[in-house]
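A short worksheet on the structure shown next.
The values are calculated or read from the model by the stated rules, or taken from the named source; none is laboratory data. All values derive from a computational prediction rather than experimental measurement. All Cβ positions, even for glycine, are placed from backbone atoms using ideal geometry, and neighbour counts span all protein chains on display.
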Amino acid sequence: MLPKALEELIEALGSLPGVGPRTAERYAYYLLRANPRTAESLSSAIADIHAGVKTCPATYALIDADEEVSPLYSDPKRDKTLIAVVEEPLDIVALERTKQFHGTYHVLGGAMSPIDGIGPEQLHIPELIERIKKDKVQEVILATNASVEGESTALYIQKHLEEQGVDVTVTRLARGIPVGVDLEYADMITLTHALEGRRKL
């Protein structure tokens, strides 16, 4: 019932995570009605994404294709003896927005999830140990997500570092009840960390 080109666009947009059929249709109709330059700009950005982005060989963060390593690693003002371990590259953006962290990062490339076939061997854990030794790291902050997978990954890394005899302080991001959230709506992991991290008033 629709032109073939429009159907193909809807199908392509619908393959994106979090984009259902109705949303894909709205996006497609918007691009059809918008100035052709809008579609051309989007098409160009998508076409150039793989050629313009690569992974940092030291931190596994995303960097420009013409960069050797992540600026957050090469910057002399960053503390290489402090590493925040995150699951995905975009997690770095969240921490950088706080303007409170001045160390470096290490991207695992995901979290352990047996159901999805992701074990420790699929993550950049051996590379983390190499960096700890090379940069004489003093503290590793496990900044994985507050999910079952994130917690399992953090626990595994902590135990693995101990088994490998790596002498480094391992810390975890503090967890707590978000402002404005009632206890009855807080999940079990958040409540557990809130109790563990309670402090004297």
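If only residues of the stretch 153-201 that are of a type in the set (D, E) and either modelled with pLDDT of 75 or more or in the same structural domain as D135 (by TED's automatic domain parsing) (or both) are counted, the one that is surrounded by the fewest Cβ atoms within 10 Å (Cβ to Cβ) is E163. With respect to (1) in a loop (DSSP other than H, G, I, E, B); (2) hydrophobic (A, V, I, L, M, F, W, C); (3) in contact (Cβ under 8 Å) with a residue 12 or more places away in the chain, the lone exception for L2 is condition (3).
Report yes if V85 is of a type in the set (A, V, I, L, M), out of contact with any Cys (no Cβ under 7 Å at 6 or more places or on another chain) and in contact (Cβ under 8 Å) with a residue 60 or more places away in the chain, otherwise no.
yes
Candidates S70, S113: the one that is of a type in the set (G, A, S), in the same structural domain as Y156 (by TED's automatic domain parsing) and at pLDDT below 95 is S113. Is it true that T23 is farther than 21 Å from D167 by Cα, among the β-branched types (V, I, T) and either in a helix (DSSP H, G or I) or outside the structural domain of A12 (by TED's automatic domain parsing) (or both)? Spelling it out, T23 is indeed farther than 21 Å from D167 by Cα, among the β-branched types (V, I, T) and either in a helix (DSSP H, G or I) or outside the structural domain of A12 (by TED's automatic domain parsing) (or both).
Output the residue which, of all residues in the stretch 109-162 that are of a type in the set (D, E) and touching a residue at least 40 places away in the same chain (Cβ under 8 Å), is nearest to T190 (Cα to Cα). Give the steps one after another, and end with the answer.
Of the residues in the stretch 109-162, the ones of a type in the set (D, E) are 116, 121, 127, 130, 135, 139, 149, 151, 162.
Subset that is touching a residue at least 40 places away in the same chain (Cβ under 8 Å): 127, 135, 139.
On the way: E127: 30, D135: 33, E139: 24 Å.
It comes out as E139.
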